[in-house]
Each structure stands twice: as C-alpha cells, then as structure tokens.
Amino acid sequence: MKIKANLISGRTANQGAHLEAKTHKGYFDACAYCELNSADLEKLGASEGDSLKVTTEFGEVVVFAKANGGNPDGLAFIPMGPWANAVLSPDTHGCGMPGFKGVPAEIEVTDEKPLDMKSLMKKYLED
Amino acid sequence: MPVIKDAVCSLCGSLCDDITVTVEDNKITKIENACILGHSKFVGMFEHDRIETPMIRKDGELVPVSYEEAIEAAAKILVNSKRTLSYGWCSTSCEAISGAIKLAEETGSLIDSTANVCHGPSALAAQEKGSPSASLGVIKNRADVIVFWGCNPVHAHPRHMSRYSSFSKGLFTEKGRKARTMTVIDVRKTDTAKLADKYVEIEQGSDLLLVTALRSIVNGHEDVVPETIAGVPKAEIIELAETLKNGKFVCIFFGMGVTQSRSKYKNGDAMASLISDLNQHTKAVMIGMRGHYNVTGFGQVATWETGFPMAIDFAKGYPYYNPGETGANDLLVREEPDAAIIAAADAGAHFPQKAVRHLARIPVIQIDPYANPTTELADVVIPSAIVGIEAEGTAYRMDAISLHMKKLIDSKFKTDEEIVKDLTVKVRELKRGA
Amino acid sequence: MSEILIKNASVCDPAQGINCETMDICIRDGKIVDSVSENAKVIDAEGKLTMAGGFDGHTHSAGKINVGRFINPNDARKNLVPGLSGQVARTEKTRAQVGYNTPNTYAIGYRYAKLGYTTICEAAIPLLAARHTHEEFKEIPILDKMGLSLFGSNWQVMEYIRDKEPEKLAAYIAWGLKASRGYGVKIVNPGGGEAWGWGKNVSGLYDPVPNFDVTPAEILMGLAEANERLQLPHSVHVHCNNLGKPGNYATTIETMKLFEKVKPSRDRQSLHVTHVQFNAYAGTSWRDFETGAPMVSDYINGANHLTFDLGQVIFGPAVTMTADGPVEYANSRMLHEKWSNQDIELEDASGVVPLFYSPKSFVNAVQWAIGLELALLVKDPWKIMFTTDSPNGGSFVNYPEAFTYLMSAKRREEVISGFSKMALDRMVLPGIDRELDFYELAVMTRSAQSKIYSRPEKGNLKAGSDADIAIYDILPGQIDPATEYQKVKKAFSGAAYTLKDGVVVVKDGEIEATPKGRIYWVNAKVPENIDSPMQKDLDLKFKKYYTVSKSNYMVEDMYLENPVEIGTEGVF
C-alpha cells in the first residue's frame, strides 16, 4: 500500500538540540523519521517505529514512522536534516531557496532500515 | 569558582543574553536560564563529538595533520580553484564573517550564508517592499496582538515567548499573556499552536492567498474574498482581520513556513504590504524568526562591506548579487563550483541531494568545531573554537540588535577569526609564489 | 619623525582669516607646525586651492544606512557620478566598492577622501544599536568619525523631565553618551518617536506625548539644560517636529525661539537645527506648498544663538533615512514606495524609504530651491554647515555639483529653466543673485564645523591642528566660478591631494593610502551622589522593560578604533 502525501520539513527542538551532535544516535533518532497522522499510518498499515520508504521525483529515503495528531490528512513531515534532504526539491525557482516544503511524495512500508548519518552521506561519495 | 553572568547564548536567533554560567577547572559545570537548545550547546560540548584535530583526506580517509598543514592544503585548494563557493559563516562571529568576506574578495569567490536555505526569501521580500520591523523589546512592552505565522517557537526558539513575545510583560503589557491575543497560522497543529488563543490551519503552500485575502478585508474589499480560501472559511479570515485591525500594536512573527513554501519571497512581500495597510488602522510590524544565532549578523556585515546581504559573487572583482543565480544552491545545482569552503554551517545536512552530490565531487574545506555530515564530504577539516563559549565576538539577534559574546573558557583550538586570517595570509603567499 | 612641506599653496583658511593667499604649510608627525627641516618631503601646491580637510557635520554613514543598502540592492550598481559611485573592483590598495546613495563602508571612506573630506559626523545613533554603528565605523577607512546619540523619545529622558529631575537627567545623558560612545545629543521629532510606538505622531511643540505627560517643548528644554550642564562640546542637534509638512516653517521658527533663553556653556551655539530645508515649508497642503525659507532666514539673520545645516536636495534618486518613524511611513504611503521601520524599545523609532527628486515635480523643484535659498539668504556663513543630509537629500558624492549652485547664479538659472511656472511661483531663488566665494564655501564645509563641534584641531590650518588638508587643482582669482563652474565641479570631485594626519591618502583624485581614522566620543563626568540614584532607576528599566541586560548594553572598548575620549565636567 502506498499513499500520496505532501512532504514538508522543518525544525524540532530535538533536532535543534542535536545540531552540534550530528554523529550521535540522538541526532539519528531526532531526524530520521516521518510524521503522519494516525489515519494515514493506518492506511499504510504502519505503526510507529516501522520503516517507511519516502519517494519523490528527487530520490528516495527510508525513515521511521511516527504519529502526529496535529498533521492534517496527507501531510508528511520529516525534520530538517540529511534524511529529509535526500528527497526534497533542489529547484530554487530562480530565487535561491530550494523546495523544502510542499514536495509531492509517495510513502510505503518497507523492510529496509534507515541508514545512519555516515552511511547516508557515503552514498553521495559513491555516486 | 567563577560564575559568569549575562552570558550570551550562541544557539538560535533569540540570542538570550541572561545566561549564568559556572566554570570550574575550565569546564562549564552549571548553566542557568538556558533552554533545551542552549543547555545542550553549553554542556554538550563535552559530550558531543568535537573534531579533535585538523585532518586531510588521504586515500579516502581523514587523517590527522597539524593546523599548518591543514591551512596550507586549504590554501592550495583555494589558489587552484577557478570558482570557489564559500558557504555558511552563520554560527560564528561578525569578526570571522568580515574575514571570510575579505578572503572571498581576494580569491574572487562567491560567498553565501545559511540565509540561502532559511530567510533568504525574506531579504528578497524586503528588497521588494521593505522591512517594517521593531526591536523585540517593543513587542514585549507594547504588542497586544501577536501572530506566529509558519513558525514554531516552542521548538525552534524556546525562550522567545517568555522573553520577547506571548508571555513577556512590559510597560503597556503588564498582564503578560492575559493582555495579548495570540494567533498561530500553520499547516499543522504545532506545539506553539496548542498555546494559541486562535489556530488557523491553512492548506500547505497557500500563504500568499491568505495574506492577500487579509489585505482585501483590511482595505475594505471583503466582497472579493471567496467563501473559502487557503482552506480557511471566509468568516474565520474576517475574524482574523478584525483582530489585527483592532489591536493596539500588532506583530506578525514569521518563519520558514512562509519563506520555504510555494511563492517563497512573494509571501513576505505580500506580508510587508499587509503590515503597511494595517498601519492605516493601528500600529503593526513584522519580524522574521531567524535560526542560526548569527545569520542576521552575516546579513548585516555583508551588507555594509559589500552592499548585499547574501549570495555575493566576487568573480568580477566587485560584488555582484543576483539570488537565484548566485545563491549557494543555484551554483551547486548548476555544478559550477570547483571547490568549496564551508564554515560554521552544515551544507551536507541542509542542502538537497543534488547540491550535496556536487559537493561530494569537488574539494571541500570545512571549518567547524563539530563533526557533521559535511565532514563526511570534506577533504580538509579545520577544527575551531566555539564562538560564545571558547571565543568572543559579535552576533546579531533576529531583530538586528548586536551583542558581544563573551569567552567563557579557554580552548586549544584556533578561532574561526584566526583560521580565516591564517588562510588569507597563506593564500597571498602562494599567489605571490606563483 | 615625518615632515612634509606644502609649497606655494593658495591657502583659504577662514579660521585665520586667510583668503586665498599664497603660502607654505608645514607638517610634522601628522600636525601642522610653523616650520620643518630641509629633509621634509615637498608637495608642490603652486596654483592650487588649499583648505583644511572637509568636515561633514551631518551624514548618515553608519548604522541605519545599512537598512538602506539592504532594501535597495539596485543602488549598488548606480553610477550617476562616475569616479565617485558604482561598482569598482578591488585593487592592491582598496577594497571592492559599490553604490551611490548607500555605498559600502569602504567606498564611503574612499569617496569622502576624494572630495577632500577627512571627518564625518554620523547623524543618528540609537543607544541600543550603537554597537552596530561602531562596527561600521571600524570599516570606514581614512576618515575621523563621531556620532550623535538619540535622546528625543527616550522613556528615561521623558520621565525625568516630567518628574522635574534635571540632575538625574544630565546623569542619564552622560551615561547614554558613554554607553553609545556618542559625541552629542540628537533630538529627532521630540516625542514623535514615542507616539509612533502607537502609530501616531505629535503635531507640534505643545502636543503632549501619549502616556508620558510631557510636551516636545519640554523635552527640548530639558535636554538643552542637561546638554549645557554637562558642558558638552556640541549643542543639542535638533530635527524639528513636523518635518516634511507644508507650513512647518512656523514650528521651526518657534523651536528656534524657544532656545533664545538657553545659555550655552561653551563658546558655541546653544542650538543646532538640522536639514532645515525639510523644515522650511510654507503653505497649508501640497497644493499651495511654497518656500518658507525667507521667513526662516529672516529669523536666523536676527538671531545669534543657533546654527543650522541645509539638507540640500540633489535631483535624482535618494534614500530617506531618519529616526522620524511617522514621516517615513507617510513617505511610503504617499510615494507607494517600499517601507522599512525599526522602532527601538524605550528609545526611539526610525524608518527608511527610497525616493526620487525630479525637477519636473513642482514640490521637488521647490525643495531644491529652498536649500539654496537658506544658504544664500542667511548672511553669515558661520551659521551654516553645508549638507545634503546624505543620502536623504541626495548622496554626498554630489557635493561638488551642489557647490556650483552656491557659487554661480548662471548655473542656478540653467537648472531653474527646466522648472514649471508653478514651481517658479512658489520659490524666491530666481530673484537671488548672491554667489558664494571660495572663502565662504570653506566656512560652510569645514571651518563652521570646527566651531559648531568644538573641535579646534579640525577645519583649519593653524599650527597645532591636525594635518588634514585638501588641495584642489584650481586657482581662485584665475577662474571665475560664476561662469567656469564645470572647472569648480571637476576640481572638487577629485582632490589633487588629500592629507589625513599628514599622510597623503589621495593623489590626483585616486586613493594612495588607507589609514584608519579616529573615533571621538564624549565622557561627561557626573558626581557619584547624582549618578548612583540615576543608576538605580536605570536598573529598574533594564529589569522590567529592556530585552538586553545592562552589562551587555554598553559598547565595549574593543569596538572603538583609535578612540579619542573627550572629557567634560558636569556642573551640579
């Protein structure tokens, strides 16, 4: 089962608290997840902590599922960081700012596990 | 044991200057008044991964070298580069930023700040319509109507509401939170929204529609507004417009929900017009919620030294500015730079994949106290002292008020200011040799 | 020991009454001296007009100008005065330059120096944002700098005036100058900044400030009393109420009259009124708007207690920037222009709006005429500082152009010939044939400033003074400025030499060296028994209302490059 979602990224307190500890597991825990409301999670048949694959025009990334009742239907949130940036839009629309909010995405449950920060970055060097 | 009062917290753009720090044996053992982010920064430096030594990548691995070797390697990269991107310079002092601009000028580089991925569009908006603003204490003392639009201070600026906005008390706002109407406009019910008197949920990417509808109502053209716009019923928008018009002093704080969503700088542009229109009825201002503690400082220093706040290209010898062409991400996506120097910011973590992919292909110099995703891509890594803790310097709060950050403890690391100076000297030396 | 001998200069030095006489000037270690040894380096100034370095007594060059730069990136490319504007690549000697109205800091230093100017006074420093001003000062090369601190809508000031605490008020002013490292007391639209905190304004000298129970007149008199009690080197520096409004000349004269009773504590004026052009408007609306310069000039000709500067308009683009917040909002609405505002907690307001002065607009044409009328109708040039209130009336790089207006009736006629009949009906300039000579120009551009700011080592060529010298490639007597005004403009646009503290910083109109200038600030002494209760009141302000702590408010020593502390003794 896949759902279509509108993907945004943004700050969280936990992400901010790990701004200068990005090699730590705490940062991984604070950023490598995707929030959907429980209805959307239910549609996917996913529970918190399951792996989700998020795919956009720009790439794909595996992150953990997390519930957030504040999200309206179809709105997905990944904290700002390398996991979100694996799938966000590099297009600046001629004004300098890439597309960090409002990227159409497909989300599905996967057996893959999210990559830790170093493994994620290593993929860029191998490309 | 020394207790340092009124220390400035170098984490977010709130730049709280009331931190009490206890130092024992050159270690910070107690922090008072800081929030979770600030606390994590002050104490975290002993727990987090510092870059312990300068490093150069050899055969794919970063290996320890001396500062001299790292500076020389970095200078060689700069001298051999025809198109250098210098990026970041926001979690550092104005003095270091000034040095970085001088280095960019001398090497004909393009220099940009983290505004490229946060409030860059706000600068463009100000260039279209101006920036009707105020210092944060004006909000504390006067504002009875406060709006947080596309920002979430509970998470991003935890002490903002108690020091400057919703909960603060001032001369004309003695009753604090009770004396104020707090509205949150966002695409999802954030923790900040939970504290609001009124939460307006809008469809993601439709901020411009809502601002425009508000302007129409404020200017007496309610009739042109459809029954629902931006996902919000007309009645709710009229109510919001009334709240704004009837306030004695209105402040709209806006964040990346406004700058990063569809219409980007046009959102801030329209918001400035709304503020101007509101001043026909009351007093109103807007303030951007800046993230990095000194991203505002980069904009200030760059503006007085080059005429432009960001995205400054020195290829022609004089500053050239055209964001959208000279922004850091534009440059990387065009695969234009053949080298990059990234300091006091983390492009590896915060740029989209296509830009990061190009960084992975070119020589990258990193200057930072901490290992982070950029380190994984860097070829020369130069560790630095933490400004505001191990080094003094100037920073600008989100409202463009500058403060002097103290040095609290000694460090074995060079400061950003020293590193950039050494690098400039080395570059000159190599150029003369050539 | 470094010595320079400037030989056969045609010296114009009003402070000594020297009017274009051929003589030598000797310099040792940065100061003017009576004689030098044979080893002195010689500069041949034969046939060249030689004056003390220019002194701009009111210019927006650090601090608020950054907002102007920020919102007008288009200004960076403007090159309306070639050689003194636009984009210039870095050289071995100079940093990269941009801009016209709002040049970057380096360009400000280089371009003033090219005009033969060596000292500037920043017109407005908000206390809370003073550190920023000094950061910019640090990056302005060559020039000596000072700045005026804003006190006209300050809560502590208004409360002390309301509560009749003149001694505490003086103590607070002394502290504020020290905190901001300011040189003098600036008052902008007294009380209006506080009213603008609620989107309102004050309408005149006796319109009470909301919530503070004081009037603009009381603020002016209170601050003047404190200024004189502290024996500050400069008088209060006043931007009058009602700036930019038709009919405001009456408020201006009323303000001037108010100061007749103020006794100066030093040998200088008791009032300086700034950019009077913007405050000398007659009429009742923009329809019947006309010059008020004759009335203002009449009053000034009969008064001996005040000085003023012009705020001359230059046609073309300008950027208005002022602590007068309500004026800027009104400008932006009237002109449909972008608007920046920055209210400063407990202290003042401010705003920035770009505009364009067109000779085809009758209002702009009359504004242009008013500045010149003031300069020409006021008989004594020692009462006048030449300014454009840069960049409010226009960029300082246009000073040479403006000098031709003052020196040549023919040049003025040329400009006036493009005006509409309606504009001509509203001005008196066409009937004025006075033409200033080089001596009078020197008074208005350097000598009067020396007196007005009590800086005896500036603005003159006496032995002992700073060797800040401008040498222009023009010879009074051999040219007629009334007809050969293009030559005048050319000579003043690029000095043959500018010396700063005896160092040649400009040669043949190009930058030779970029030494760092000084910062002048005033430390007025206040007895402990008066200062300490004042500090207690202030502590409460910080505890309850400010968002920065008192200890982080004061500008630290490290922000001042080559500081010169001017001590004064308060009289209590």
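On the full set of protein chains, 1.4 Å probe, figure out the accessible area of B:Leu171 and give it in Å² to the nearest 10.
For B:Leu171, solvent-accessible area is about 50 Å².
At q = 0.24 Å⁻¹, what is the base-10 log of I(q)/I(0) for region C:197-283 according to the Debye formula with one equal point scatterer per Cα and no solvent? Please give it to two decimals.
Those come out to -1.19, one per q.
Taking the Cα centre of each part, how many Å lie between region C:435-453 and region B:391-434?
Each part's Cα centre sits 44 Å from the other's.
Using only the alpha-carbon atoms, how far is helix B:94-107 inclined from the longest principal axis of chain B? Give it as 0 to 90 degrees, nearest 10.
Long axis of B:94-107 versus the principal axis of chain B: about 60 degrees.
Extending each Cα 7 Å along its Cβ direction at B:Arg334 and A:Lys43, get the distance between those two points in nm, one decimal.
Each label point is offset 7 Å from its Cα along the Cβ direction, giving 4.0 nm.
Set Lys and Arg Cβ to +1 and Asp and Glu Cβ to -1, take the dipole of the protein assembly as shown about its Cα centre, and tell me which of B:Gln204, C:Tyr299, A:Tyr33 lies farthest positive.
C:Tyr299
For chain B, with a Gaussian network of springs between Cα atoms less than 10 Å apart, report the residue from B:Ala241, B:Ala340, B:Ala272 with the top mean-square fluctuation.
Top of the fluctuation ranking is B:Ala241.
May I ask you to evaluate 6.51 cos²θ - 1.76 cosθ + 1.60, the Karplus curve with θ = phi - 60°, for each residue of region C:262-278 and list the ³J(HN,Hα) values in order in whole Hz, giving x for glycine and proline?
7, 8, x, 8, 9, 7, 7, 4, 9, 8, 10, 9, 9, 5, 5, 3, 6
Out of residues 5 or more away from B:Ser86 or on other chains, whose amide H comes under 5 Å of its own, with H placed 1.01 Å from N in the peptide plane?
Amide H neighbours of B:Ser86: B:Leu110, B:Ile111, B:Asp112, B:Ile341.
Just to be sure I understand: with springs between alpha-carbon atoms less than 10 Å apart, which residue in B:Pro233, B:Pro323, B:Pro54 has the highest mean-square fluctuation in the Gaussian network model of chain B?
Answer for the Gaussian network model of chain B: B:Pro233.
Thinking of region B:79-178 as a set of Cα atoms, what percent of all their pairs are more than 23 Å apart?
The answer is 50 percent, as a whole percent.
Would you work out which of B:Ile101, C:Gln97, B:Leu408 lies farthest towards the positive end of the dipole of the protein assembly as shown, given +1 charges on the beta-carbon of Lys and Arg and -1 on that of Asp and Glu, about the Cα centre?
Checked the options; the winner is C:Gln97.
If you split all Cα-Cα distances of region C:453-496 into 10 Å bins from zero, what percentages do you get per bin, shortest first?
For region C:453-496, the binned pair fractions read 26, 34, 31, 9 percent.
Quick check: from the Cα gyration tensor, does chain C come out rounded (a/c under 1.5), prolate or oblate?
Since a/c reaches 1.5 but b/c is at least a/b, the shape of chain C is classed as oblate.
Along each of the three principal axes of the Cα atoms of region B:154-313, give the extent in whole Å, ordering the values from largest to smallest.
48, 38, 31
In straight Cα distance, which aspartates and glutamates are under 20 Å from B:Lys189, not counting same-chain residues fewer than 8 positions off?
A:Glu35, A:Asp40, A:Glu42, A:Glu48, A:Asp73, B:Asp197, B:Glu201, B:Glu203, B:Asp207, B:Glu236, B:Glu239
According to the Kirkwood expression over distinct Cα-Cα pairs, how big is the hydrodynamic radius of region B:327-434, in Å?
One over the average 1/r among Cα pairs gives 15.5 Å for region B:327-434.
Going by accessible area, probe 1.4 Å, with all protein chains left in place, what is the ranking of C:Glu122, B:Glu336, C:Glu414, largest first?
In descending accessible area the options line up as C:Glu414, B:Glu336, C:Glu122.
Sort C:Glu373, C:Glu3 by heavy-atom solvent-accessible area, probe 1.4 angstrom, most to least.
Largest accessible area first, the list is C:Glu3, C:Glu373.
What whole-number value in cubic angstrom gives the convex hull volume per residue for the C-alpha atoms of chain A? Present the calculation step by step, with values, prior to reporting the outcome.
On the way: hull volume 14.6 nm³, N = 127.
Spread over its residues, the Cα hull of chain A gives 115 Å³ apiece.
Once you've got the Cα coordinates, tell me which of B:Lys169/C:Lys200; B:Lys41/C:Lys550; C:Lys410/C:Lys458; A:Lys122/B:Lys414; B:Lys76/B:Lys421; C:Lys178/C:Lys507 are over 27 Å apart.
The pairs that break the limit, which is 27 Å between Cα atoms, are C:Lys410/C:Lys458; A:Lys122/B:Lys414; C:Lys178/C:Lys507.
Can you give the average number of partner chain beta-carbon atoms within 10 Å of each beta-carbon in peptide B:164-174, as a whole number?
For this peptide, the per-residue mean of nearby foreign Cβ atoms is 2.
Taking chain B as a Gaussian network, Cα atoms linked when under 10 Å apart, which of B:Ser166, B:Ser91, B:Ser135 shows the biggest mean-square fluctuation?
B:Ser135
Kyte-Doolittle cut-off 1.0, length cut-off 20 Å along the helix's own axis using Cα: show which whole DSSP H helices in chain C pass.
Qualifying helices, which must be both long enough and hydrophobic enough, are C:362-377.
DSSP beta bridges in the protein assembly as shown, what fraction antiparallel, as a percent rounded to 5?
Bridges in the protein assembly as shown that DSSP calls antiparallel: roughly 50 percent.
Report Rg/Rh for region C:79-180, rounded to two decimals, where Rg is the Cα radius of gyration and Rh the Kirkwood radius.
Result: Rg/Rh = 1.15.
Using +1 at the Cβ of each Lys and Arg and -1 at the Cβ of each Asp and Glu in the protein assembly as shown, identify which of B:Phe351, C:Leu346, C:Thr133 lies farthest towards the dipole's positive end.
Comparing the listed Cα positions along the dipole, C:Leu346 ranks first.
From the alpha carbon gyration tensor of region B:272-314, can you work out the equivalent ellipsoid semi-axes (sqrt of 5 times each eigenvalue) and give them in Å, largest to smallest?
Computed over region B:272-314, the values are 29, 13, 8 Å.
Give me the inter-chain shielding for B:310-321: mean count of other chain Cβ atoms within 10 Å, whole number please. Write down the numbers at each step before the final one.
Numbers: counts 1, 1, 2, 0, 3, 0, 3, 6, 12, 10, 5, 4.
Average neighbour count from other chains, rounded to a whole number: 4.
Just the accessible area for C:Asp324, please: 1.4 Å probe, Å², rounded to the nearest 10?
Rounded to the nearest 10, the figure is 0 Å².
Hey, how many Å between the Cα centroid of region C:83-152 and the Cα centroid of region B:189-228?
43 Å
Could you give the distance between the Cα centres of region B:321-344 and region A:1-79, to the whole Å?
Answer, in whole Å: 28.
Under 17 Å from the 7 Å Cα→Cβ point of B:Ile36, by amide nitrogen: which residues of region A:1-27?
Residues A:10-22, A:25-27 fall inside that zone.
Diagonalise the Cα gyration tensor of chain B and give the resulting equivalent ellipsoid semi-axes, square root of 5 times each eigenvalue, largest first, whole Å.
40, 26, 17
Can you give me the relative contact order of region A:2-126 as a percent, contacts being Cα pairs under 8 Å and 6 or more apart?
Once divided by the residue count of region A:2-126, the mean separation gives 36 percent.
Taking the Cα centre of the protein assembly as shown as the origin, how large is its charge dipole in debye, to the nearest 20, when only Lys and Arg (+1) and Asp and Glu (-1) carry charge on their Cβ atoms?
Computed charge dipole of the protein assembly as shown: roughly 740 debye.
Of all beta bridges DSSP finds with both residues in chain C, what is the antiparallel percent, to the nearest 5? Don't skip to the answer; put the middle values down first.
Numbers: 40 of 78 bridges.
Around 50 percent of the beta bridges assigned by DSSP in chain C are antiparallel ones.
Would you work out the charge dipole size for chain B about its Cα centre, treating the Cβ of every Lys and Arg as +1 and the Cβ of every Asp and Glu as -1, and quote it to the nearest 20 debye?
800 debye
For a quick check of understanding: with a 1.4 angstrom probe and all protein chains in place, what accessible area in square angstrom does C:Glu21 have, to the nearest ten?
For C:Glu21, the solvent-accessible surface is approximately 90 Å².
Using the Cα centre as the reference, give the magnitude of the dipole from point charges on the C-beta atoms of region B:120-288 (Lys, Arg: +1; Asp, Glu: -1; all else neutral), rounded to the nearest 20 debye.
Taking the Cα centre of region B:120-288 as origin, the dipole is about 840 debye.
What per residue convex hull volume, in Å³, comes out for region C:265-353 when only alpha-carbon positions are used?
146 Å³
May I ask you to derive the relative contact order of chain B, considering only C-alpha pairs under 8 Å and at least 6 residues apart, and to give it as an integer percent?
25 percent
If r is the Cβ-Cβ distance from C:Glu413 to C:Lys543 and R0 is 60 Å, what FRET efficiency results, to the nearest 0.05?
Once the sixth-power term is evaluated, E becomes 0.45.
Could I have the simple spin-label model distance between A:Glu106 and C:Asn8, label points 7 Å from Cα toward Cβ, reported in nm to one decimal?
That separation, rounded to one decimal, is 9.0 nm.
Note the angle between two axes, namely the Cα long axis of helix B:416-433 and the longest principal axis of the Cα atoms of chain B, as a number of degrees from 0 to 90, rounded to the nearest 10.
50 degrees
For the protein assembly as shown, evaluate the Debye formula with one uniform point scatterer on each Cα (no solvent term) and list log10 I(q)/I(0) at q = 0.05, 0.06, 0.10 Å⁻¹, rounded to two decimals.
-0.33, -0.48, -1.28
If C:Thr514, C:Thr133 are ordered by their accessible area, calculated over protein heavy atoms with a 1.4 Å probe, which sequence runs from highest to lowest? Write down the numbers at each step before the final one.
Details: C:Thr514 55, C:Thr133 0 Å².
Highest to lowest solvent-accessible surface, that is C:Thr514, C:Thr133.
Quick one: length gained pulling C:Asn39 to C:Leu335 fully straight, 0.36 nm per residue minus the C-alpha distance?
Value of the extension gain: 100.5 nm.
Is it possible to state the helix-based mean residue ellipticity at 222 nm for the protein assembly as shown, with each DSSP H run of 4+ residues giving -39500 (n - 2.57), the sum divided by total residues, to the nearest 500 deg cm²/dmol? What is it?
Result for the protein assembly as shown, helices only: -9000 deg cm²/dmol.
Going by alpha carbons, how many degrees (0 to 90, nearest 10) lie between the helix axis of B:295-306 and the longest principal axis of chain B?
Between the helix axis and the principal axis of chain B, the angle is about 70 degrees.
Please state, as a whole number in µm²/s, the translational diffusion coefficient that the Stokes-Einstein equation yields for region B:70-131 at 25 °C and 0.890 mPa s, with Rh defined as the Kirkwood radius across alpha carbon pairs.
Calculated translational D: 186 µm²/s.
What aspartates and glutamates could a cross-link reach from C:Lys525, if we take a straight Cα to Cα line under 15 Å and drop same-chain neighbours fewer than 8 places away?
C:Glu167, C:Glu228, C:Glu565, C:Glu569
The values are calculated or read from the model by the stated rules, or taken from the named source; none is laboratory data. In this text the structure is predicted, and so the values were computed from the model without any measurement. A quick note on method: Cβ atoms are made from the backbone with ideal geometry, for glycine too, and the neighbour counts reach across all protein chains shown. Side chains included, ligands, DNA and RNA excluded: accessible areas come from the protein's heavy atoms. Shrake-Rupley method; radii C 1.70, N 1.55, O 1.52, S 1.80 Å.
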